[in-house]
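Here's the structure, in structure tokens; my notes come after.
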Amino acid sequence: MNPQASEQLPPQMSTLAPQVDSLYYFIYYISVISFVLIVGTMVFYVIKYRRKPGVKAQPTGHNNVLEVAWTVAPVFLLVYLFHAGWQGYVFGAVAPSNPLEIHVTGKQWTWDFTHMPSGAQESNALTVPVNEPVRLTMSSADVLHSFFVPAFRVKRDVVPGMFTTLWFEATHTTDEAEPLTIFCAEYCGATAGISAEQSVALNTNHSSMLASLRVTTREAYDTHVAQLDGPPEACVAEADPMACWGERLATEMGCMGCHNTTGAAGGIAPTWRGLWGSNRSFTDGSTREADANYIISSMMEPQSQIVTGFTTANMPVYAPTENRKLAIVAFIRSLATEGQ
Amino acid sequence: MTTEATTAPSAHGADAHSDDLPNYLTHERGIRSWMTTLDHKRIGLMYLASIIAAFFMGGVMALLVRTELLFEGRTIMNADTYNQVFTLHGAIMVFLFIIPSIPGALGNFFLPIMLGAKDVAFPKLNLGSFYIYCFGAIFLVVGIAVGHVDTGWTFYTPYSARADNSVIWMTMGVFILGFSSILTGVNFIATVHTMRAPGMNWRRLPLFIWGIYATSVIQVLATPVLAITLLLLTMEKALGIAVFDPAIGGDPVLFQHFFWFYSHPAVYIMILPGMAVVNELIGTFSRRKIFGYMFVAMSSVALALLGFLVWGHHMFTSGMSEYSTMVFSALTFLVAIPSGVKVFNWVATLYQGSISLASPMLYALGFIALFTIGGVTGLFLGTLSVDIHLHDTYFVVAHFHYVMVGGTVFGFLGGLHYWWPKMTGKMYDENWARVAWLLVFTGFNVTFFSQFVLGSQGMPRRYYDYLPRFHNLHMTSSGGAYILGVGFLVMAVMFIKSLRSGEKASENPWGSAGYEWLTTTPPHPHNFHEQPVITRGPYDYHLCTELELFEGHHKDFVASEAE
């Protein structure tokens with residue numbers, strides 16, 4: 001059962017959240033009191049000393065005691081706020097020893113997660129165990145991103161060329177129907193030059209860089225991670241479990257943001273319908289048969305061969321586990337037969 | 001030069017009828033006389049026209065952004081168009097409107113008059129800065145026209161380094177605008193130091209001048225860093241020298257340090273002039289000297305200096321060292337002290353005053369209320385652990401709009417209403433001015449207060465789309481933006497009507513003791529008919545005559561009417 005959100009803040013679902021919230025509400029009440037005092041006094045004076053015929057303003061005097069008092073008095077409050085904020089910040093910056101490690105890669109406009117030590121991967125969805133410190137080591141494949149989970153009160157920029165870290169300990173499991181949302185909080189652009197219809201269908205921009213976050217028991221977490229490197233249960237009964245898994249991965253990893261399976265030409269990226277086994281011609285004049293090696297090399301080195309009719313491969317590099325590569329290949333292969 | 005000092009306000013507006021004296025608007029005519037003018041008043045008006053045009057453009061962009069956010073998903077434009085529109089909104093409002101607004105328009109017009117000077121220290125340089133501003137603005141508009149810049153006004157690398165080349169145009173425009181800013185700053189500093197009228201010591205300097213002076217110091221010291229940053233960015237893009245782009249070995253966080261090392265002081269370039277105007281408004285409309293004059297003057301200088309030490313608070317989540325974060329948080333809290341000093345002194349000035357609620361005063365009181373909200377919400381953001389949650393959400397957007405719009409724009413509008421009669425020689429319809437104020441004040445609060453709640457609930461900024469749970473607050477915010485838009489429309493009609501058919505303004509319609517009201521309306525081309533000699537402070541209402549204050553007319557004007 002997810003806890004309720006308060007009137008101003010999202011539900012408290014991490015060990016950090018209550019600390020942040022009590023300080024937030026402390027500042028909130030200080031702010032309301034200060035505002036009422038300042039603006040109340042102002043309005044009172046405006047009414048009391050409104051201009052009346054024959055009544056002159058009194059000349060302004062000096063009151064250095066008053067001046068010094070309202071210069072010095074706020075210092076005590078400010079020192080307290082600084083100290084309390086720093087304490088909470090240090091709590092959030094230093095992870096307890098032996099946390100569960102997860103690596104995060106941000107790229108336009110997907111989140112990739114790698115569970116350590118197994119190396120199991122998931123994209124745009126993350127599952128973490130409850131009541132256990134989890135530390136994220138994060139980097140970006142392209143531009144700045146920022147990992148933000150409001151319910152945990154954590155946020156950290158994801159920067160290309162360096163690693164940033166963040167930790168949290170979830171205090172509640174989430175309902176199956178109500179996962180939390182991971183937001184990207186640092187502006188990271190959008191796909192340019194697409195039609196209105198594509199814009200509605202594709203959703204490839206900063207505001208669509210969201211991932212769902214599930215908090216489960218440790219047992220459920222272990223089961224989940226163990227299943228990540230093979231077809232999920234729902235696919236096992238299918239005729240081609242790998243292709244079924246590949247279809248799910250293509251959606252999760254964001255491939256379907258640019259590629260389509262309808263066979264429609266044009267668009268941002270080549271269609272996958274009928275791709276398998278076809279003869280590809282490239283902008284450098286060379287040709288090649290679309291086999292498994294071609295598909296995997298396009299995934300890992302999108303810039304190396306650009307299909308005729310496209311000017312550039314504006315695609316991030318994908319380096320999933322071997323099993324996941326094979327699942328994607330199986331999915332693309334299945335599209336060749338269905339179409340013909 | 002005569003040195004008459006027999007009467008307290010030693011102004012000589014008129015020998016006979018003030019109508020017979022030349023004024024700066026009519027003594028020369030024709031487009032050429034404006035284009036080549038060295039008169040600071042005409043240059044001020046040209047700035048005013050330019051920044052109003054910029055404000056209109058930026059405002060249309062803001063309404064487009066709010067319209068897109070009315071509903072989830074696509075409403076009127078694609079994501080990449082949306083990104084360009086909010087980039088334009090930010091860049092135009094910051095670089096073309098807010099930074100030059102009060103110093104360029106009102107400062108240029110009134111700084112020399114309030115000093116009792118004939119012009120600024122370097123009139124040709126002044127015209128030069130205006131043309132540099134125009135040139136830079138055209139660069140920006142061309143950057144907009146030829147390519148789509150969608151980096152946000154902050155140009156963060158590596159996104160800005162990868163995006164389309166038109167970023168170079170845009171940054172070059174800002175680079176050029178920076179020179180205009182520096183030259184205006186140098187000019188004002190020299191003017192304040194060397195051109196004060198006889199009798200005007202630093203303790204008699206109007207607080208408007210103190211504020212503009214502090215602003216000029218920041219402009220001169222901080223703007224070169226912006227120029228260096230943008231030059232490095234351009235060199236990286238054009239020559240491939242690795243500075244900020246990690247793909248070729250640069251450091252993207254370094255760019256943020258450079259950017260905010262300028263842009264945080266720039267926040268004070270934006271807010272100090274607003275505070276400066278409010279001092280004049282509160283003094284005039286409560287007929288009292290500003291309480292704690294020297295504390296208020298020095299708090300401007302303190303803000304100008306502290307503004308250089310707190311840039312890191314824009315980067316608490318950036319991956320900067322924890323110890324830097326600690327130092328920047330502590331320094332940031334210090335900013336609250338001079339800001340608080342100002343607000344407390346303004347409220348104390350009202351005590352035992354003779355308060356008029358004329359439209360300029362409504363803007364000043366609005367400023368105090370909105371700036372207080374902007375200030376206390378700054379406490380949330382300076383507090384490290386709370387900032388981590390609120391960083392890069394709508395809470396930040398609401399906070400800086402309360403400071404920039406509730407503060408600077410309200411200060412600017414208050415100043416515009418206040419000095420309008422002196423600048424144009426025409427009065428405006430006070431009732432419509434109050435209606436416009438009410439619409440702007442209400443619309444502003446509806447737009448941005450809802451954004452505080454959105455931010456606290458976790459809505460990130462610069463989002464084209466949002467989750468269903470944020471819908472109602474976004475709808476409310478957009479509704480407020482339309483009210484705000486209508487308010488500005490009413491104000492524009494009110495001012496245009498005033499220009500066409502406004503009642504003739506007297507020399508001192510508000511009954512102010514300020515020096516700028518001692519000259520004729522509209523002012524003489526040389527500001528004063530004779531060199532004024534200052535024998536009292538700009539807020540010494542107890543030294544003014546009854547007629548000046550209670551009839552709101554200058555004594556000479558009253559005398560000539562009585563004939």
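Numbers below:
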read-out	value
Percent RCO, i.e. relative contact order, over chain B, from Cα pairs under 8 Å lying at least 6 residues apart	22
Theoretical FRET efficiency, 1/(1+(r/R0)^6), r = Cβ-Cβ of A:V79 and B:R203, R0 45 Å, to 0.05	0.85
Degrees between helix B:430-456 axis and first principal axis of chain B (Cα, 0 to 90, nearest 10)	20
Radius of gyration and maximum dimension Dmax of segment A:16-136, Cα, Å	26.3, 86
D_trans [Stokes-Einstein, Kirkwood Rh over alpha-carbon pairs] for the protein assembly as shown, 37 °C, 0.692 mPa s, µm² s⁻¹	110
Net charge contributed by nearby residues that have their C-beta within less than 14 Å of A:Y25 (K/R +1, D/E -1)	-1
Cα-Cα over 22 Å, subset of A:K48/B:K504; B:K422/B:K504; B:K118/B:K422; A:K107/A:K155; B:K289/B:K497; B:K124/B:K504	A:K48/B:K504; B:K289/B:K497; B:K124/B:K504
Fraction of accessible area attributable to carbon and sulfur, the protein assembly as shown (%, probe 1.4 Å)	64
Under 12 Å from the B:H27 label point (7 Å along Cα→beta-carbon), backbone N, segment B:95-138	B:118-119
Using a Förster distance of 60 Å, the FRET efficiency for A:A336-B:T442 (Cβ separation, nearest 0.05)	0.45
Amide N of segment B:486-525 lying under 14 Å from the label point, which is placed 7 angstrom from the Cα of B:D540 along Cα→Cβ	B:513-515
Sequence-distant residues sharing a close amide H with A:T137 (under 5 Å, placed H)	A:I102, A:H103, A:V104
Kyte-Doolittle mean at least 1.0, axial Cα span of 20 Å or more - DSSP H helices of chain A	A:17-48, A:64-93
C-alpha center-to-center spacing [segment A:272-340, segment A:85-134] in angstrom	32
With Cα atoms, 0 to 90° folded angle of helix B:40-68 axis to chain B main axis	40
Cα Rg, Dmax, segment B:92-162, angstrom units	16.4, 52
Length gained when the stretch B:S321-B:E503 is fully extended (0.36 nm per residue, less Cα-Cα span)	59.4 nm
Inter-chain shielding of B:248-254 (mean C-beta neighbours from other protein chains, 10 Å cut-off)	3
Solitary cysteines of the protein assembly as shown, where the nearest other Cys Cβ is not under 4.7 Å	A:C184, A:C188, A:C255, A:C258, B:C134, B:C544
Estimated buried accessible area (total), pair A and B, 1.4 Å, Å² to nearest 100	7500
Amide N proximity, segment A:92-117 versus A:T165 label position 7 Å along Cα-to-Cβ, cut-off under 19 Å	A:92-106, A:113-117
A:A69-B:L239 pseudo-label distance in nm [points 7 Å out on the Cα-to-Cβ vector]	6.1
FRET E, pair B:Y482, A:Q227, Förster distance 60 Å, beta-carbon r, rounded to 0.05	0.75
Segment B:192-214-segment B:299-378 distance, computed between alpha-carbon centres (Å)	23
³J(HN,Hα), Karplus 6.51/-1.76/1.60, whole Hz, each residue of segment B:265-271, x for Gly, Pro	x, 4, 4, 7, 4, 7, 8
Principal axis box of segment B:239-279, alpha-carbon based, largest edge first, Å	51, 18, 9
Relative contact order %, chain A, counting alpha carbon pairs below 8 Å whose residues are six or more apart	15
Largest-first principal axis extents of the Cα set of segment A:233-339 (Å)	43, 27, 23
Per-residue ³J(HN,Hα) for segment B:375-387, Karplus 6.51 cos²θ - 1.76 cosθ + 1.60, θ = phi - 60°, Hz, x for Gly and Pro	x, 5, 6, x, 5, 4, 7, x, 6, 3, 5, 6, 4
Over segment B:302-424 - Rg/Rh using Cα atoms and the Kirkwood inverse-distance radius	1.06
Using distinct alpha-carbon pairs, which all enter the 1/r mean, Kirkwood radius of segment A:1-65 in Å	16.2
Where N is the number of residues in segment B:36-562, Cα Rg divided by 2.2 N^0.38 Å	0.96
Acute angle (nearest 10 degrees) that the helix B:293-306 long axis makes with the longest principal axis of chain B, alpha-carbon atoms	30
Contour minus Cα-Cα distance for B:R434 and B:L63 (0.36 nm per residue)	131.3 nm
Segment B:323-374 pair-distance distribution - Cα-Cα, 10 Å bins, rounded %	20, 40, 22, 12, 5, 0
Inverse mean reciprocal Cα-Cα distance (Kirkwood Rh) of chain A, Å	24.0
Cα Rg over Rh - segment B:358-482, Kirkwood	1.07
Interchain or long-range residues, amide H under 5 Å from A:W111's placed H	A:N124
Gain in span if fully extended, A:T311 to A:E289, counting 0.36 nm per residue against the direct Cα distance	5.9 nm
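The values are calculated or read from the model by the stated rules, or taken from the named source; none is laboratory data. This is a predicted model, so every value here is computed, not measured. Methodologically, a virtual Cβ is constructed for each residue, glycine included, from the backbone with ideal geometry; neighbour enumeration extends over all protein chains shown. Areas reflect the complete protein model, heavy atoms only, side chains present, ligands, DNA and RNA absent. Shrake-Rupley method; radii C 1.70, N 1.55, O 1.52, S 1.80 Å.
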